[in-house]
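Engineer: Please see the structure below; I have some questions.
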Amino acid sequence: MTTSAAFDRGASRYDLLVGLNPGYHQELRRAASALVERVGRRSGLRFIDLACGTGASTKALVGAAPGAEVLGLDASHGMLEQAEGHAWPSGVTFDHAIAGELDVDRLGRGAYDGILTCYLFRNVPSHRRDAAISEVYELLAPGGWLVVQEYSVAGDRRARLVWDAVCKAIIIPLGVLLDRNRDLYAYLWRSVVQFDSVSRFGDRLVAAGFTDVAHRTASGWQRGVLHTFVARKEL
C-alpha cells in the first residue's frame with residue numbers, strides 16, 4: 001500500500017484519532033500563530049497550508065489570520081475530501097498536490113506571504129526532500145515566512161524512547177482498534193524514526209536559501225519529539 005493510499009483509507013477516522021493526542025490542536029494553533037505573527041496581520045494576506053490533511057491545520061491558520069486567502073494542498077484525495085466537507089469562509093480553497101512534484105508556476109511563484117506545513121516532510125522521500133523545500137522557497141514572496149511542524153527523534157535517545165513507547169502502547173493499538181488500519185499508524189511510527197534530526201533538517205532549510213532559521217520544541221509528552229521550525233525567504 002502506498003503512503004497516499006494509507007492516508008486515503010484512514011481519512012474518515014483520522015480526526016478522531018489525532019484528537020485523542022493531548023496538545024495536538026494546541027500545537028497546530030501555536031504553529032499557525034507563529035507564522036502569522038512573523039508575516040504581520042494585514043489585509044490581502046495569502047497563505048498555503050501544505051499537507052493540509054483533513055483541514056485541522058487549515059482551521060488553525062484561518063483562526064490566526066481571519067480574512068486571509070488560504071490554499072490547502074494535500075497528496076491524499078481522501079484527506080482532501082474530509083477537508084472540503086467542513087464549512088469554510090470565502091477565500092479558503094483546496095487542491096491536490098504532491099510535495100516534491102509541485103507545479104510552482106501554476107500555483108503562483110513568489111505569490112504567498114507565508115506557508116504552513118505540518119507533518120509533511122517526513123513523508124517526502126529523503127532524496128526528494130531538498131526539492132520539496134526548494135518548491136516552498138519558490139512559492140514564497142521575498143521576505144515571506146515558512147513554519148514547519150514535524151516530529152523528529154533522530155540523535156535524541158530520550159525522545160526516541162518516548163516515541164517508541166507512545167506508538168507501541170497507544171497510537172498503533174488505537175489505529176487498529178478504531179480504524180483497522182495498522183499500515184497507516186505503523187507507517188507514522190516508522191516515518192518519524194527515519195526522519196532527519198533537528199539539526200539536519202535545519203541545515204536543509206539553510207541550504208535552500210532560508211534565513212533566520214530557528215526552532216522550538218513542544219510541551220508535555222511531545223517535548224523533544226515534536227518541533228516547530230521557522231524560516232524566512234530573504235528579501
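Engineer: Can you report the number of residues in the stretch 169-199 which are touching a residue at least 12 places away in the same chain (Cβ under 8 Å), open to solvent by 50 Å² or more (accessible area, probe 1.4 Å) and closer than 17 Å to residue 121 by Cα?
Structural biologist: 3
Engineer: Could you list, in sequence order, all residues of the stretch 48-64 that are closer than 13 Å to residue 85 by Cα, in contact (Cβ under 8 Å) with a residue 40 or more places away in the chain and not polar (S, T, N, Q)?
Structural biologist: Across the stretch 48-64, the qualifying residues are 53, 56.
Engineer: Which of the residues that make up the stretch 123-141 are of a type in the set (A, V, I, L, M), over 21 Å from residue 194 (Cβ atoms) and touching a helix residue (DSSP H, G or I) at 6+ places or on another chain (Cβ under 7 Å)?
Structural biologist: 139, the sole residue that qualifies.
Engineer: Among the residues of the stretch 214-223, write down those that are surrounded by 15 or more Cβ atoms within 10 Å (Cβ to Cβ) and either more than 21 Å from residue 27 (Cα to Cα) or more than 17 Å from the chain's Cα centre (by Cα) (or both).
Structural biologist: Across the stretch 214-223, the qualifying residue is only 221.
Engineer: A further question on this structure: Is there any pair with a first residue in the stretch 141-168 that is surrounded by fewer than 17 Cβ atoms within 10 Å (Cβ to Cβ) and a second that is polar (S, T, N, Q) whose Cβ atoms are under 6 Å apart and which are 6 or more apart or on different chains, and what are they?
Structural biologist: Hits for this filter: 154/197; 155/197.
Engineer: Which ones in the stretch 108-128 are open to solvent by 10 Å² or more (accessible area, probe 1.4 Å) and either in contact with a Lys or Arg (Cβ under 7 Å, 6 or more places away or on another chain) or acidic (Asp, Glu) (or both)?
Structural biologist: The answer is 111, 113.
So that you can scan it fast, the table gives a plain yes or no per residue for (1) in a helix (DSSP H, G or I); (2) open to solvent by 30 Å² or more (accessible area, probe 1.4 Å):
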{"position": "5", "(1), (2)": "yes, yes"}
{"position": "10", "(1), (2)": "yes, no"}
{"position": "17", "(1), (2)": "yes, no"}
{"position": "25", "(1), (2)": "yes, yes"}
{"position": "30", "(1), (2)": "yes, yes"}
{"position": "38", "(1), (2)": "yes, yes"}
{"position": "48", "(1), (2)": "no, no"}
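Engineer: For a quick check of your reading of the model, give me the residue pairs whose first member lies in the stretch 91-109 and is farther than 15 Å from residue 46 by Cα and aromatic (Phe, Trp, Tyr), whose second is modelled with pLDDT under 95 and surrounded by fewer than 14 Cβ atoms within 10 Å (Cβ to Cβ), with beta-carbon atoms closer than 7 Å and at least 6 apart or on different chains.
Structural biologist: From residues that are farther than 15 Å from residue 46 by Cα and aromatic (Phe, Trp, Tyr), there are no pairs.
Engineer: Right, residue 202: without any contact (Cβ under 8 Å) to a residue 60 or more places away in the chain and at negative phi or not?
Structural biologist: Yes; evaluated as a whole, the condition is true for this residue.
Engineer: Select, from 81, 69, the only residue that is farther than 29 Å from residue 152 by Cα and of a type outside the set (Ser, Thr, Tyr).
Structural biologist: Being farther than 29 Å from residue 152 by Cα and of a type outside the set (Ser, Thr, Tyr) holds for just one of 81, 69, which is 69.
The values are calculated or read from the model by the stated rules, or taken from the named source; none is laboratory data. Just so it is clear, the model here is predicted, and its values are computed rather than measured. Cβ: placed from backbone, ideal geometry, glycine included. Neighbour counts: every protein chain shown. Calculation scope for accessible area: heavy atoms of the full protein, side chains included, ligands and nucleic acids excluded. Shrake-Rupley method; radii C 1.70, N 1.55, O 1.52, S 1.80 Å.
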